[in-house]
């Protein structure tokens with residue numbers, strides 16, 4: 001799937017300060033979808049609230065949203081007994097991976113970038129998205145190890161790494177290849193719903209399916225919002241750079257055209273003067 005495919009640019013979002021009272025699906029220009037409980041226009045951006053209480057949200061440029069429609073496949077959450085609520089997991093602050101120094105020369109930034117570009121091309125995922133996941137997972141630390149045992153750049157659990165055929169999770173190429181492949185599988189599993197895929201990468205597909213979306217874990221909500229914001233920030237910066245280069249190119253073309261006109265003018269004048277002189281000589285004037 002081409003994640004940069006061209007789609008229509010704008011969808012009318014209405015004028016209310018807060019919109020959508022049930023789960024809706026926002027389709028972005030890059031092909032991703034974001035399920036959200038409500039939304040609010042904020043100037044040139046639209047804030048999509050991922051949870052009903054508004055505790056987790058992402059800001060998306062309004063021009064990047066091409067369609068918003070009701071989520072007809074949204075599951076109905078079953079009622080929970082007081083006992084079930086009492087035993088619901090309580091999440092603490094996100095766990096920060098630890099690292100073992102030093103990072104060897106074989107894992108220089110250039111090597112990581114090459115690994116990302118190779119894997120993203122192989123599994124047809126925007127390399128900016130892969131880099132945003134790596135930033136959130138390990139901060140680009142090749143030997144990062146979380147308290148739960150997740151390893152490497154894309155924080156693969158040993159069981160997941162084994163299923164993906166990654167024998168050495170601290171090998172940047174193998175780790176990024178396995179993590180990108182896993183992310184692609186999750187995107188396909190959730191019909192390219194980016195939020196669900198990221199939530200599953202962090203908390204596990206079983207939790208996403210248990211709660212019908214992003215699990216009610218503070219860590220997972222922050223994780224998803226952080227990656228979406230970082231990814232959107234890169235796309236906006238790229239668009240601005242493209243627009244700037246286009247504007248400079250147009251200015252240079254216009255400048256060259258004006259110079260060409262100015263240079264041509266004296267030649268025309270001299271030619272006219274010579275013709276006049278020849279005419280005068282022929283008529284005796």
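Quick note: the coordinates plus some simple rules give every number you see, no bench work behind them. Only a predicted model underlies this, so the values are computations on that prediction, with no experimental measurement involved. When we count neighbours, we look across all protein chains shown, and the Cβ atoms used for this are built from the backbone with ideal geometry, even at glycine.
Would you please give the FRET efficiency between residue 52 and residue 256, computed as 1/(1 + (r/R0)^6) with r the Cβ-Cβ distance and R0 = 45 Å, to the nearest 0.05?
Rounded to the nearest 0.05, the efficiency is 0.20.
Given points 7 Å out from each Cα along the Cα-Cβ axis, report the residue 108 to residue 66 separation in nanometres with one decimal.
Between residue 108 and residue 66, the label points sit 4.0 nm apart.
Any chance you could run the full-extension gain for residue 189 through residue 124? It's 0.36 nm times the residue separation minus the Cα-Cα distance, nm to one decimal.
Numbers: separation 65, 0.36 × 65 = 23.40 nm, distance 1.50 nm.
Result: 21.9 nm gained on full extension.
By the gyration tensor of its Cα atoms, with a ≥ b ≥ c the square roots of the eigenvalues, what is the shape of the range 93-231: rounded for a/c under 1.5, prolate for a/b over b/c, or oblate?
Because a/c hits 1.5 or more and a/b exceeds b/c, the range 93-231 counts as prolate.
Once label points are set 7 Å from the Cα along Cα→Cβ at both residue 135 and residue 148, what is their separation, rounded to one decimal in nm?
Here the modelled spin labels are 2.3 nm apart.
Please work out how much length the chain gains when fully extended from residue 229 to residue 245, using 0.36 nm per residue of separation minus the C-alpha to C-alpha distance, in nm with one decimal.
3.3 nm
Report relative contact order for the range 93-231 in percent, whole number only (criteria: Cα-Cα under 8 Å, sequence separation at least 6). Show your work: numbers first, answer last.
Numbers: 185 pairs, mean separation 30.3, N = 139.
Computed value for the range 93-231: 22 percent relative contact order.
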